[in-house]
């Protein structure tokens, strides 16, 4: 089992809709913020990946379940867990919770492309960092 | 096979990100616009459903694949097809295309809830309209 | 007095917030959509400006008044009127209305920059098109 | 001179556009997050204001200047300063900076309305808190 990363968000007006709850697309913003922070935990960032490795991490697929609504002014925790990676893709499970309440679960598949959008192998530095996460926890 | 509804969107600055492409969460906005217009095709709207039937249609799950990037100033077509419905849920397949290019596919599961967020059976008027779509096409 | 351009938008869930009304930042999206369509009316688009003229039109200032709320499922009209231009800036007045009701007024100042963000003179093709709008109406 | 409140934001993909910079409407989200946190500093929140006082704080006008672009992965500070208040409105000046660089300045006028959108006097608890901010600093 791999390490789990936790990232906190707060629900502002911008995140809600006229139904009084978090708009369904906006959870994908929260999920991406958490994945971006995970990249930082790996001592990388998007600027380095782009400028040194001509590498962009993009989402290939996202399977998201909406379990309970999130509300305005909620404090939410996002749990991100690496469940698989190869040289060409990363798969993470993400959960959004309000205290114990499960709000959203998502399985997100990420791939790396160059500046022309062509799929490429991940740079070694990224793979090595991912290995490190795994080895720590196994 | 059921009828397919087509809805057009144009990609504005607001829809893109620093990668120069449509931001992955924003496709969910496009998909919802198309589903909202489909509700209108059924001679319903969210205000009627809310005020006359205390019914809100919410997304329970969304399984989305990103096939190719969408770009700033693209004209995109969204194809929505009803693939299943019962008294408690609707399932649609949606595709976003730029001419022949497939950009996104998504399978979206919708359920109806009341103003307390409790799952409820769909009002008959909604079910009858869905039947009508199917019968026309079968 | 110069010609007025009209652009229509519809308020979807994504545009609203938990107050049940259009979120205040989202009107700026509507205003930009209308200005983008105005660029098209001038037989230009952002891609041409960027690729042929290394020119980006950016907002320098925006003075916006919120008169009445816009609601979910509203149909809104955006009226855009050129009120001043020089070789280095364009100023437009924009109004958002629901039928006769004035929802928003805004005065927006636009300037042109190159790909490094440095202010540049507008390409002649843009100035000439702006002149044309004025001469038609005067 | 009144106290200045500082709030930090980080620029994620969702905040940027295809120009590679923060999308102009998204700064209004940052500004509102900072104002919301200021409400919290006053020992209030939107839920209390709504449920106990039938009071919503809405933006009446916003005069915003864009000085320099904000970029993906920037850390920005938002400085909010109360410059005027009466029983019917609050005016704040807000600045967004990246270290010493001034990115955005804005003057924002806020008013209070009830659940029907009718302008109302602010509840005493809000006015008293605003007085407190001023008296501390004078």
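Just so it is clear, none of the values below were taken in a lab; they were calculated from the coordinates. Values in this document were obtained by computation on a predicted structure and should not be read as measured data. Cβ placement follows ideal geometry from the backbone for every residue including glycine, while neighbour counts extend to all protein chains displayed.
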| said: Please arrange A:133, A:127, C:90 by how many other C-beta atoms lie within 10 Å of their C-beta, fewest to most. | reply: A:127, A:133, C:90
| message | Tell me the angle of helix A:26-41 to the major Cα principal axis of chain A, expressed in degrees between 0 and 90 and rounded to the nearest ten. | response | 40 degrees
| said: Need one number: convex hull volume per residue for the stretch D:80-119, Cα atoms only, in Å³. | reply: 73 Å³
| task | Work out the mean other chain Cβ neighbour count within 10 Å for the residues of D:65-75 and drop it here as an integer. | result | 3
| query | If you project the alpha carbons of chain B onto the principal axes, what extent comes out on each, in Å, largest first? | reply | 44, 36, 23
| Pair residue B:45, residue C:115: separation of 7 Å Cα→Cβ label points (nm) | 4.5 nm
| request: Take every Cα-Cα distance within the stretch C:38-91, group them into 10 Å bins from 0 onward, and report for each bin the whole-number percent of pairs it holds. | output: 16, 41, 29, 14, 0
| Just B:79, B:40, B:56 to compare: in a GNM of chain B, with alpha carbon springs under 10 Å, which one fluctuates most? | B:40
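Once Rh for the protein assembly as shown is found with the Kirkwood sum over Cα pairs, what is the Stokes-Einstein diffusion coefficient at 25 °C and 0.890 mPa s, in µm²/s?
98 µm²/s
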| remark: Partner shielding of A:26-37, taken as the mean number of other chain Cβ atoms within 10 Å, equals 4
| task | For residue B:79, place a label point 7 Å out from Cα along the Cα→Cβ vector, do the same in each other copy, and report the separations in nm, one decimal, smallest first. | result | 4.0, 4.2, 5.5
| field | Modelled FRET efficiency - R0 25 Å, residue D:132 with residue A:77, Cβ distances, 0.05 increments | value | 0.15
| Highest-MSF residue in chain D out of D:41, D:95, D:14 [GNM, Cα springs under 10 Å] | D:14
| query | What gaps in nm, shortest first, separate residue D:121 from its twins in the other copies when you place the label 7 Å past Cα toward the beta carbon? | reply | 5.3, 5.9, 7.4
| note | Exposure proxy check on A:6, D:78: fewest-to-most Cβ neighbours within 10 Å is A:6, D:78
| remark: chain B, Gaussian network, Cα under 10 Å: of B:100, B:29, B:121, the residue fluctuating most is B:100
| query | What does the average come to when, for each residue of peptide A:9-16, you count the partner chain Cβ atoms lying within 10 Å of its Cβ? | reply | 6
| task | Divide by every residue of the protein assembly as shown the summed helix terms, -39500 (n - 2.57) for each DSSP H run of at least 4, and state the resulting mean residue ellipticity at 222 nm, rounded to the nearest 500 deg cm²/dmol. | result | -8500 deg cm²/dmol
| request: In whole angstrom, note down how far apart the Cα centers of the stretch C:52-85 and the stretch A:48-91 are. | output: 34 Å
| request: Starting from a label point 7 Å past Cα on the Cβ side, list the distances from residue A:41 to the same position in the other copies, nm, shortest first. | output: 3.1, 4.3, 5.1
| note | Ordered by fewest other Cβ atoms within 10 Å, a rough proxy for footprinting exposure, A:48, D:103 read A:48, D:103
